[in-house]
Amino acid sequence: MDRMIYTAMTGAKHILEQQATTAHNLANATSTGFKAQVDSFRAVPVISEGLPTRAFVVDATVGADFNPGAIQATNRDLDVAIQGKGWLVVQRADGSEGYTRNGSLKVSENGLLQTASGLTVMGDGGPISIPPDVTISIAKDGTISSVSNSTLPGPSNAIGRLKLVNPPEAELTRAADGLFVTKNGSAEVDANVSVVSGALEGSNVNVVEAMVSMISLARQFETQMKLVQSAENNANKASQLLSMN
């Protein structure tokens, strides 16, 4: 069979992977703080005794689009959005640090500050405990203050500060749980990172661009399939010619 079929199949395989990535991005178009996944591929020429006329497609990198999403006001005390570059630090299931832009927070039954999915939010000195029956406010620098509901108006007490970091984007990778991690496992606190209280950051997925990409990928896949059919037709005609001889 013509070797062209192997070249076409590598292209079709990676087009399917790109379609899966685009579908994943579309599914998270409304997810708070989601960063679109980006797949990158490159062509590698086939080295053989023949002419260098064919190339295989291989994975180059799998990264993310770190551009910030739109900030939407919610007027909820426990909602925060990162302004500009930076990340919130949370504790992953294995105890290591993870980074997220999803600032939809809550207080657990044990008084720990957590994300909406139940991950513990880390402060400068560890997990943050919220006293019962208080009103919470979060300052621009991540400082969390409380006022007792039983003595309104009352004094404001600082109870902790969100751990805000800004590691180099080149060192960030998306883990299987959807959180970002660094290669060395941790990042230093960055005092320049600020938050907006009472707001959330939306997904940075461009829905229109993603839909156009899906249509384009579908057409590219059809082209690859036509190449496979052409290779099969060429092989059948060659077999007919050989049988006549």
Q | Residue tally, condition open to solvent by 30 Å² or more (accessible area, probe 1.4 Å) and within 19 Å of G125 (Cα to Cα), over the stretch 94-105 | A | 4
Q: Scan the stretch 187-226 residue by residue and report those that are among the polar types (S, T, N, Q) and in contact with a Ser or Thr (Cβ under 8 Å, 6 or more places away or on another chain).
A: S197, S203, S213
Q.
With the requirement that a residue be at pLDDT 75 or above, among the small types (G, A, S), farther than 26 Å from G86 by Cα and surrounded by fewer than 16 Cβ atoms within 10 Å (Cβ to Cβ), what does the stretch 12-63 give you?
A. A20, A23
Q) Take the residues of the stretch 230-245 that are surrounded by 12 or more Cβ atoms within 10 Å (Cβ to Cβ) and among the polar types (S, T, N, Q): which is nearest to K85 (Cα to Cα)? A) S230
**Q.** Of residues in the stretch 133-160 being in contact with a Gly (Cβ under 7 Å, 6 or more places away or on another chain) and surrounded by fewer than 18 Cβ atoms within 10 Å (Cβ to Cβ), the one farthest from N192 (Cα to Cα)
**A.** S148
Q: Scan the stretch 170-225 residue by residue and report those that are open to solvent by 80 Å² or more (accessible area, probe 1.4 Å), touching a residue at least 12 places away in the same chain (Cβ under 8 Å) and among the basic types (K, R).
A: K183
Q: Kindly indicate whether any position in the stretch 66-74 is over 19 Å from L200 (Cβ atoms) and not aromatic (F, W, Y).
A: no
Q: With the checklist (1) in contact (Cβ under 8 Å) with a residue 40 or more places away in the chain; (2) farther than 20 Å from G185 by Cα; (3) among the hydrophobic types (A, V, I, L, M, F, W, C) in hand, flag the one item L162 doesn't pass.
A: (2)
**Q.** Selection count, the stretch 88-112, where residues are touching a residue at least 40 places away in the same chain (Cβ under 8 Å) and under 17 Å from T143 (Cβ atoms)
**A.** 3
Q. For the stretch 121-132, what are the residues that are more than 11 Å from V107 (Cβ to Cβ) and open to solvent by 20 Å² or more (accessible area, probe 1.4 Å)?
A. M122, D124, G125, P127
Q | Single residue of the stretch 70-93 satisfying the filter (β-branched (V, I, T) and more than 13 Å from G198 (Cβ to Cβ)) that is surrounded by the fewest Cβ atoms within 10 Å (Cβ to Cβ) | A | V89
Q) If we scan the stretch 194-210, do we find a residue that is within 26 Å of Q19 (Cα to Cα), in contact with a strand residue (DSSP E or B) (Cβ under 7 Å, 6 or more places away or on another chain) and part of a loop (DSSP other than H, G, I, E, B)? A) yes
Q. Can you name the strands (runs of 3 or more DSSP E) wholly within the stretch 76-170 that have at least 3 residues being farther than 22 Å from F66 by Cα, under 23 Å from the mean Cα position of the chain (by Cα) and not hydroxyl-bearing (S, T, Y)?
A. none
Q.
Quick check on the stretch 170-186. Is at least one of its residues more than 21 Å from R76 (Cβ to Cβ) and touching a helix residue (DSSP H, G or I) at 6+ places or on another chain (Cβ under 7 Å)?
A. yes
Q: Go through V181, V189, V193, V228 for me and flag whichever is within 30 Å of G123 (Cβ to Cβ), more than 21 Å from the chain's Cα centre (by Cα) and not acidic (D, E).
A: V189
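The values are calculated or read from the model by the stated rules, or taken from the named source; none is laboratory data. Values in this document were obtained by computation on a predicted structure and should not be read as measured data. Heads up, the Cβs are rebuilt from the backbone with ideal geometry, glycines too, and the neighbour counts pull from every protein chain shown. Just the protein is used for accessible areas: all its heavy atoms, side chains included, with ligands, DNA and RNA removed. Shrake-Rupley method; radii C 1.70, N 1.55, O 1.52, S 1.80 Å.
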